[in-house]
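Here is the structure we will look at, set down as structure tokens.
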Amino acid sequence: MAIEHIVIVGGGTAGWMAAAALSRIRDGRPVAITVIESEQIGTVGVGEATIPPLVEFNQALGIDEREFLAEVQGTFKLGIQFVNWGQVGESYIHPFGAYGYDIGGINFHQVWHSLRGRGDKRPLQLFNLETMAAYYGKFSRTEDYARDDLPPMNYAYHIDATAYARYLRKYAEKRGVVRREGIVEQVALDPESGHVAKLTLSDGEEIEGDFFVDCTGFRGLLIEQALETGYEDWTHFLPCDRAVALPCNRDDGSPPPPFTRATAHKAGWQWQVPLQRRNGNGHVYCSQFMEADEAHDILVQNLAGKPTAEPNHLRFVTGRRKKVWNKNVVALGLASGFMEPLESTSIHLINTGVNKLIATMSLDGITEAQANTFNRLTVKEYERIRDFLVLHYKATRRDDSPFWDYCRTMDVPDSLTEKIELFKANGQVFREEDELFTTTSWTAVMMGQGISMEGNSPMAAAVADTSAQEIDEMAKSIQWLVQQMPGHHQYLQRYCPARQPAPA
């Protein structure tokens with residue numbers, strides 16, 4: 001059966017990202033798109049840190065970056081600073097850009113390690129533009145200097161996710177998407193196919209559709225409550241199951257840094273996301289080792305200023321739906337699964353879910369091959385991200401609390417164990433297919449938390465011998481470029497000053 005009406009249930013970031021992207025289909029075929037959301041139902045709205053693929057998502061929609069950032073109180077993000085993860089008092093930055101560049105087919109960090117063994121004391125971070133700019137609070141876009149002999153600047157954004165949803169709603173409605181205010185009270189299934197056929201709202205209105213996108217958050221109104229899809233629980237590997245979110249002012253007047261900060265506490269970790277006029281904050285923790293009141297107190301004690309809203313307490317189970325596309329329903333955002341925002345993947349998974357949906361669906365009808373492909377690719381994506389998040393917990397040397405004792409000694413997926421052991425052997429990182437996290441990402445976290453290369457790549461020494469001058473020039477170019485950059489705050493004020501205070 002042809003798809004003539006797509007119904008998106010739930011707004012928020014997931015619903016309006018889906019609506020904005022799917023609205024482009026209407027340029028070629030007049031399919032109806034309806035978003036059902038209710039102002040009475042709040043959104044989680046804590047996913048304010050993003051990663052570089054969102055830049056491409058916005059570009060594909062034709063969104064003007066300056067206008068967008070001004071609207072969502074946006075700042076630039078060059079990476080994530082991790083504090084207290086290896087040991088209390090240690091910190092490192094996981095940057096978006098690469099360390100140096102491959103030389104003779106050998107990863108730069110392997111060449112660097114060979115040089116290190118010969119007495120070169122320069123830290124690896126010196127060869128990464130994003131790390132050095134972050135340390136000094138500097139920022140520029142690649143097009144601002146546009147020179148082939150200088151490295152590109154890789155960046156993402158810190159945004160007010162609620163404002164982003166509002167921005168995309170305006171975008172989508174201009175392109176013909178229709179919004180319906182209301183709460184879904186009943187879901188009717190087709191008795192023969194088992195597909196979702198019709199939704200009944202609290203005011204009695206009935207909305208029929210051919211294809212449904214579930215953006216109803218943790219409850220999964222369609223994917224779980226109606227279709228009983230099932231859920232795969234990953235709590236053993238990622239034991240945190242609670243969070244408290246709380247925005248605050250920056251009362252000390254400090255400028256927003258161009259990076260997210262993730263600070264480990266005794267039974268979890270705290271995020272700090274700097275927007276132009278406030279910080280987004282939250283404390284992710286494990287209820288087995290900490291009560292909600294203690295988690296809230298730790299968060300409040302570590303804020304940069306006065307809270308600007310009441311705390312938002314969240315419960316979650318890390319994992320994923322057993323099928324993200326089931327019959328004529330695709331789940332996006334929290335309805336599809338949850339992985340804590342340690343590496344800012346929440347909005348990214350909405351992004352890639354939308355991309356996969358557009359790539360696999362056909363308005364001529366739903367096929368089993370489409371759903372199977374979508375689900376297979378989603379499982380791989382979730383598992384690769386899961387492994388990377390588990391690495392942060394497993395690769396700790398902390399023994400100061402029962403929580404960290406559990407994390408340090410827990411069993412982890414075989415796929416992660418293999419990656420760690422290979423890196424220890426000679427620093428090699430193999431990316432499987434199109435997995436999200438790069439060689440630099442794995443290297444930054446492993447080395448940042450004390451997993452060392454115990455041997456050298458057999459080719460690294462030869463490359464290091466013939467490339468000493470080239471390596472020196474890398475460091476000099478980065479140093480020179482960072483010196484020329486304006487401060488991050490100054491760049492924001494010139495490029496995309498916020499238009500109005502962020503809503504509480």
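Laboratory data are not the source of any read-out in this text; all were calculated from the coordinates shown. What you see is a predicted model; the values in this text were computed from it and never measured. Cβ coordinates were reconstructed from backbone atoms using ideal geometry, including for glycine residues, and neighbour counts include every protein chain displayed.
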Restricting attention to the alpha-carbon atoms of the range 338-430, what are Rg (one decimal) and Dmax (integer), both in Å? 17.5, 58
Hey, got a sec? Which GluC sites (Glu not before Pro) in the range 122-224 land in a DSSP loop and have at most 16 other Cβ atoms within 10 Å? GLU192, GLU205
Let me check the size of the range 76-222 from its C-alpha atoms; what are the radius of gyration and Dmax in Å? 25.3, 76
Using R₀ = 51 Å, calculate the FRET efficiency as 1/(1 + (r/R₀)^6) where r is the Cβ-Cβ separation of VAL178 and GLU368; round to 0.05. 0.95
Relative contact order of the chain (C-alpha contacts under 8 Å, at least 6 apart) in percent is 24
Spin-label pair ARG66/TYR136, simplified geometry with 7 Å Cα→Cβ offset, distance in nm: 2.6
Quick one: check the C-alpha center-to-center distance for the range 51-78 versus the range 122-174, whole angstrom. 9
The range 397-504 shape via C-alpha gyration tensor axes, a/c threshold 1.5: oblate
Sorted by packing (mean other beta-carbon atoms within 10 Å per residue), highest first, where do 294-300, 153-159 land? 153-159, 294-300
If you bin the C-alpha pair distances of the range 6-138 every 10 Å from 0, what whole percents do you get? 9, 25, 27, 18, 14, 5, 1
Rank the residues HIS392, HIS5 as a footprinting-exposure proxy: fewest other Cβ atoms within 10 Å of their Cβ go first. HIS5, HIS392
Dipole axis of the chain (+1 Lys, Arg; -1 Asp, Glu on Cβ), positive-most option in LEU357, PRO53, ALA156: ALA156
I'd like the projected area of the range 242-315, averaged over all directions, using the convex hull of its alpha carbons. Report it in nm² with one decimal. 4.6
Mean shadow of the range 238-366, computed from the convex hull of its alpha carbons, in nm²? 9.7
Below 12 Å, Cα to Cα, which aspartates and glutamates can LYS356 reach? Residues fewer than 8 away in the same chain don't count. GLU381
For the chain, what does -39500 (n - 2.57) per DSSP helix run (n ≥ 4), summed and divided by total residues, give at 222 nm, in deg cm²/dmol to the nearest 500? -10500 deg cm²/dmol
